[in-house]
Amino acid sequence: MRTAKDILQQKGTQFNFIQPDKSVLEAIGLMKAENISYLIVLNKDGKYMGIFSERDYTHKVILEGKQSANTKVGEIMTANLANAAPEDSTSKLMLLINNSKARYIPVFDANNFVGVITIHDLMREAMSDYEKGKQNLDTHQLDFLKSLGE
């Protein structure tokens, strides 16, 4: 079974960062320009602080009547997400996503932030597992039929 480390290696280095003192308007503009749904929030020292997502924007800015230009990312980001370790299996990651009702799981190696696993990453993993399982089943069925002389 694949791990968080495997998924992050496949995704490659993530560059979608923003600092908490930037405006929500800047964050939304960056997300639109990069066609992404979240940004990793890092402080000036490069330390992970949380994630700013479209969901944060809709729930904490739009629905609360705040102004995007005047609201800082750090005021509305999600900071206390469940997190994972690089060696965590995709099964464990799926449980974390499901139980926390989150769409993102930050991954830490000891205390060092190494990346984010998204619900979409896990969906791709599940589809890949399904396809591999189906191919194996098809191969076994074919071998079985050949052994019967058909």
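Worth pointing out:
- The chain: angle of helix 90-100 to the longest principal axis, Cα-based, in degrees nearest 10: 40
- Spatially close Lys pairs in the chain, defined by Cα atoms under 18 Å apart and a spacing of eight or more places or different chains, total 13.
- Under 13 Å from the Lys32 label point (7 Å along Cα→beta-carbon), backbone N, the stretch 41-80: 68-69
- Built amide H within the under 5 Å cut-off of Val114, gap 5+: Val107, Phe108, Asp109
- Summarised as an ellipsoid, the chain has semi-axes of 39, 16, 13 Å, derived from the eigenvalues of the Cα gyration tensor scaled by 5 and square-rooted, with the largest first.
- In the stretch 1-100, the trypsin sites (Lys or Arg not before Pro) that fall in loop regions by DSSP, at most 13 other Cβ within 10 Å: Lys44, Lys47
- Comparing Met49, Met31, Met127 in a Gaussian network model of the chain where C-alpha atoms under 10 Å apart are linked, the largest mean-square fluctuation is found at Met127.
- Zone of Asp21's modelled label, taken as backbone nitrogen in the stretch 32-50 under 15 Å from a point 7 Å along Cα→Cβ: 42-47
- Whole-Hz couplings from phi, Karplus 6.51/-1.76/1.60, listed for the stretch 59-68; x for Gly and Pro: 7, 10, 10, 4, 5, 9, x, 7, 9, 4
Coordinate-derived values only; no laboratory data. Note that this is a predicted model, so its numbers are computed, not measured. Using ideal geometry, Cβ is built from the backbone for each residue, glycine included, and neighbour counts are taken over all protein chains shown.
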